[in-house]
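Notes follow once the structure below has been shown.
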Amino acid sequence: MSIEYRVGGIAPSILRLAKPGQYQVDEKGYYGQFGGAFIPEMLYRNVAELREKYLTIMQEPEFQREFTQLLRDYVGRPSPLYLARRLSEKYGAQIFLKREDLNHTGAHKINNTIGQILLAQRLGKKRIIAETGAGQHGVATATVCALMGMECVVYMGELDMQRQAPNVARMRMLGAQVIPAMSGSRTLKDATNEAIRDWVNHPEDTHYIIGSVVGPHPYPDMVARFQSVISAEIRQQLLEKTGSELPTHVLACVGGGSNAAGAFYHFLDHISVQLIAVEAAGEGINSGRSAATTVLGRPGVIHGSKTLLMQTDDGQIIEPYSLSAGLDYPGIGPLHAHLHQTGRATYLQATDQEALDAAFELTQLEGIIPALESAHALAKLKDLELKPEHVVVVCLSGRGDKDMDTYLRYLPKEFRTEI
Ligand SMILES: *Cc1c(COP(=O)(O)O)cnc(C)c1O
């Protein structure tokens, strides 16, 4: 593997200043009509400080050197781009898997938490807060706090803490304080409210690490840039393997949209590349139990930005549902709302059952147990009209260890053994 990690290097344009391209954020924080920073006055100072400094800090050679080195030596990047031979045979195209599941902590989320903690240090912050739903972002945050010896407080809905006990245990072992959010439905949005309240009360010494391409500007752009290492590597790896940097299709699942943003980033201006994002349809788009935001959502404000979200006529957020904890978010990041509205990316939906089937299929064909989230992207291979000359990259956002209980509950007959 000859990916070069020189100073100023990886991800050649990962930290490049946003050019005023059609799909990049503008200086007010908008992607077309979506984005912005809708925040209480008490947060103005924190968010303004971040907005004024993030690009400058991210471009410093010393920042890039440290970020690059940690991605290589601690996370294990570059993650492999694997030509899945038997999967390719089955679908009649060249299918590559971008193996984010092989990263330290088992998913793409660590790319962003490493970047943000380095940024927090340069802003002089001593304390990190985060919110988490399924616990994956909480674990990635607690991990980098342990790495840097920084204080870590993670807010998590009390109900989610019961449902995701192993991740709560991991965070505690990593030294984080996990604080239950007891209000409302005791899930992600309540944890987010608690985290914001904490930030308002500790504006000087605390940085809030948001885990996806959501939140007020500059978070969506900042997180997309940290995750863009995914597509920077894909381009170099494809060049070596196929002679061309550009695939015909890139697929990724979307909760808030960070692994998809990272996998799409360096292809946004190459319109020959079809970008396909897959949302969770849960038990069916119109079943009342889904997280199919681009179908069911309307413009509104959530977590500090204007985007598409699932809401009632009087603006109450509708509780999303997906069997995969990482995808049951009622909105999508503003970049995705824009890519959807402009038609630059196609948004498809996969049900719980389709994702389960795809997870069992990948396991049997390739010996890789994917995260249930990533399986949503795999599930749509069957719906594309693929041809042998197509080069398809699927972002395998994470590994399936955390989903074993679910997989065992739904194990197809042919996998079961009588005792
Ligand atoms: C959190 C998570 C997701 C969803 O988050 P995005 O911001 O949409 O990427 C997808 N896959 C895995 C493995 C996750 O942990």
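The values are calculated or read from the model by the stated rules, or taken from the named source; none is laboratory data. Worth saying up front: this structure is predicted, and the values here are computed from it rather than measured. Using ideal geometry, Cβ is built from the backbone for each residue, glycine included, and neighbour counts are taken over all protein chains shown. Just the protein is used for accessible areas: all its heavy atoms, side chains included, with ligands, DNA and RNA removed. Shrake-Rupley method; radii C 1.70, N 1.55, O 1.52, S 1.80 Å.
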Are there any pairs with C-beta distances below 9 angstrom linking a residue in region 332-346 that is under 13 Å from Val273 (Cα atoms) to a residue that is open to solvent by 20 Å² or more (accessible area, probe 1.4 Å), with the two at least 6 apart or on different chains, and if so which? Arg344/Gln22; Arg344/Tyr23; Arg344/Ile271; Ala345/Gln274; Thr346/Gln274; Thr346/His340
Taking the condition of being open to solvent by less than 10 Å² (accessible area, probe 1.4 Å), within 11 Å of the ligand (Cβ to nearest atom) and touching an Asp or Glu at 6+ places or on another chain (Cβ under 9 Å), how many residues in region 356-381 meet it? 6
Kindly indicate whether Val213 is open to solvent by less than 10 Å² (accessible area, probe 1.4 Å), within 16 Å of the ligand (Cβ to nearest atom), assigned to a loop (DSSP other than H, G, I, E, B) and in contact (Cβ under 8 Å) with a residue 40 or more places away in the chain. yes
Count of region 288-301 residues which are open to solvent by 60 Å² or more (accessible area, probe 1.4 Å) and part of a loop (DSSP other than H, G, I, E, B): 2
Going through region 218-254 one residue at a time, which ones are assigned to a loop (DSSP other than H, G, I, E, B), open to solvent by 10 Å² or more (accessible area, probe 1.4 Å), out of contact with any His (no Cβ under 8 Å at 6 or more places or on another chain) and in contact (Cβ under 8 Å) with a residue 40 or more places away in the chain? Ser244
Residues located in region 260-280, provided they are open to solvent by less than 10 Å² (accessible area, probe 1.4 Å) and within 15 Å of the ligand (Cβ to nearest atom): Ala260, Ala261, Gly262, Ala263, Phe264, Leu275, Ile276, Ala277, Val278, Glu279, Ala280
Assess whether Ile179 counts as being β-branched (Val, Ile, Thr) and in a loop (DSSP other than H, G, I, E, B). no
When you look at Ala252, is it among the aliphatic types (A, V, I, L, M), within 13 Å of the ligand (Cβ to nearest atom) and within 22 Å of Lys28 (Cα to Cα), yes or no? no
For Ala134, indicate whether it is at pLDDT below 95 and not polar (S, T, N, Q). yes
Return the residues of region 168-181 that are farther than 25 Å from Gln121 by Cβ and buried (at least 20 other Cβ atoms within 10 Å of the Cβ); say none if nothing qualifies. Val168, Ala181
Scope region 86-129; condition more than 16 Å from the ligand (Cβ to nearest atom), part of a helix (DSSP H, G or I) and within 25 Å of Val47 (Cβ to Cβ); matching residues: Ile117, Leu118, Leu119, Ala120, Gln121, Arg122
